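**Student:** Pasting a structure below so you can have a look.
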Amino acid sequence: MGWGTGAGGDGGDGKHSGKKDPGGAKPSQDTKAPRPEPRIYRDVVREEHVPAESSTAVSPWSVTGDAWAARFSIGLQLPDVWHAWHDNPDVPGVTSRLWLATTDAGSWAAVDWDGRTDERFTLWQHGPRRLWNEGETAHDRWRSAGEPRPGRYGMTVDTDGNHVAWLDDPDHPVAATV
């Protein structure tokens, strides 16, 4: 049984609800050969895209780094967004780049680290959604909730397959940032 699964409802309403505490479980490590370098630029960025440039003081590692609980929570709040790291992206002055993109590639963001300072990061965003801003909001919500671990989350699924993630109990749904 994984997170958000549970055994049948009790009232005949067709809803299933539950949670399982993974304890100290960490995400499984991929045992396959490493994937090739991401070709994100080719797959997401189009020639006609003119991204807005700005900067952020929020470290990309605080949003998608080693904090598994933060990544889990942010993933629930941004269900149609993926992220990938691109180290040494062959861009002058950029040591590492974090990419965020919607699954339809309609919106994307890139956060650049220059390898020298952890106080300011160059930010590029394109599309109708400002994904980095959404990621910051999701991270802030996670912190405001007390930085909950994945075991505090659950999910309710009805007979039509509709599902709602929640924190601590079904009366506290986890809202998407959009």
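Rule-based calculations on the coordinates, nothing more; no lab input. Since the structure is predicted, the reported quantities are computational estimates derived from the model, not experimental observations.
**Student:** Classify segment 85-145: rounded, prolate or oblate, from the alpha-carbon gyration tensor (a ≥ b ≥ c, eigenvalue square roots; a/c under 1.5 rounded; otherwise prolate if a/b is larger than b/c)?
**Tutor:** Working: a/c = 2.39, a/b = 1.28, b/c = 1.86.
Oblate, because a/c is 1.5 or more while a/b does not exceed b/c.
**Student:** Shifting gears a bit: Starting from the Cα gyration tensor of segment 123-167, take the square roots of the eigenvalues, sort them a ≥ b ≥ c, and report rounded, prolate or oblate (rounded when a/c is under 1.5, otherwise prolate if a/b is larger than b/c, else oblate). Intermediate results must be reported in sequence, preceding the final value.
**Tutor:** Working: a/c = 4.35, a/b = 1.43, b/c = 3.05.
Oblate, since a/c reaches 1.5 and b/c is not below a/b.
**Student:** Rounded if a/c is under 1.5, else prolate if a/b beats b/c, else oblate: with a ≥ b ≥ c from the C-alpha gyration tensor eigenvalues square-rooted, which is segment 66-178? Don't skip to the answer; put the middle values down first.
**Tutor:** Numbers: a/c = 2.69, a/b = 1.82, b/c = 1.47.
Prolate shape, in that a/c is at least 1.5 and a/b is the bigger ratio.
**Student:** Right, here's the next one. Could you tell me the distance between the Cα centroids of segment 130-163 and segment 101-121, to the nearest Å?
**Tutor:** Taking the Cα centre of each part, segment 130-163 and segment 101-121 sit 21 Å apart.
**Student:** Return the whole-Å distance between the Cα centroid of segment 75-93 and the Cα centroid of segment 44-59.
**Tutor:** 12 Å
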